[in-house]
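The values are calculated or read from the model by the stated rules, or taken from the named source; none is laboratory data. Everything quoted here is computed from the prediction, not taken from an experiment. Positions of Cβ are backbone-derived with ideal geometry, glycine not excepted, and every protein chain shown enters the neighbour counts.
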Amino acid sequence: MAFPVTTPGSARPSPVGTGDRGESWAAGHSGGAFRLPARPRSVAEARTRVRGTLTRWGMPADAVDDATLVVSELVTNALVHTGTETIGCALRRGGGRLYIEVSGLRSGPTIPRPRAAGPDEENGRGLALIEALCLAGGVADTTDGRGRAVWAALATGPRT
């Protein structure tokens, strides 16, 4: 799975984008959307919030673990690569899938693409991990046009 650039009405699971008030396609679920300052400690906060939300939703432990890892990687990428001041995260479930969206108010200079990391490199494996765990994913401009959102879809059932 690559992270294709998507446009309104294309391969996205539903309208993507978190505006400056934090509204999102996940707003129908309590705790399904939140914003954090773009600081290193926000990665841990995002993991905690996602784990708590998905546990309250009754998601299987495997799905919670996978989603927590995906959010950790996407929030880290937003922090490192976009220069945004805030990072949005939204969760939505439907059709046997969990959709995760991470957005920043400013776009980085490039589209996220997996790369081959060398054996001694500390970075460069995040998108490969996401590809291994997810059913689909993509990149799109936010609905307000001021940033970029990366989304991923995971299965909601236990691993077999």
Those residues of the range 55-76 which are surrounded by 15 or more Cβ atoms within 10 Å (Cβ to Cβ) and free of Cβ contacts under 8 Å to residues at least 40 places away in the same chain amount to Trp57, Val64, Asp65, Thr68, Val71, Ser72, Val75
Could you please find all residues in the range 41-54 being of a type in the set (Ser, Thr, Tyr) and either in contact (Cβ under 8 Å) with a residue 40 or more places away in the chain or not in a helix (DSSP H, G or I) (or both)? Ser42
Across the range 25-52, which residue is surrounded by the fewest Cβ atoms within 10 Å (Cβ to Cβ) among those that are at pLDDT 95 or above and under 14 Å from Leu98 (Cα atoms)? Arg51
Would you confirm, using the coordinates I've provided, whether Arg56 is over 18 Å from Gly137 (Cα atoms) and of a type in the set (Lys, Arg)? yes
If you scan the range 130-145, which residues turn out to be farther than 25 Å from Leu105 by Cβ, assigned to a helix (DSSP H, G or I) and in contact (Cβ under 8 Å) with a residue 40 or more places away in the chain? Glu131, Leu133
Can you tell me which residue in the range 82-98 is surrounded by the fewest Cβ atoms within 10 Å (Cβ to Cβ), limited to those that are over 14 Å from the mean Cα position of the chain (by Cα) and closer than 27 Å to Ala155 by Cβ? Gly95
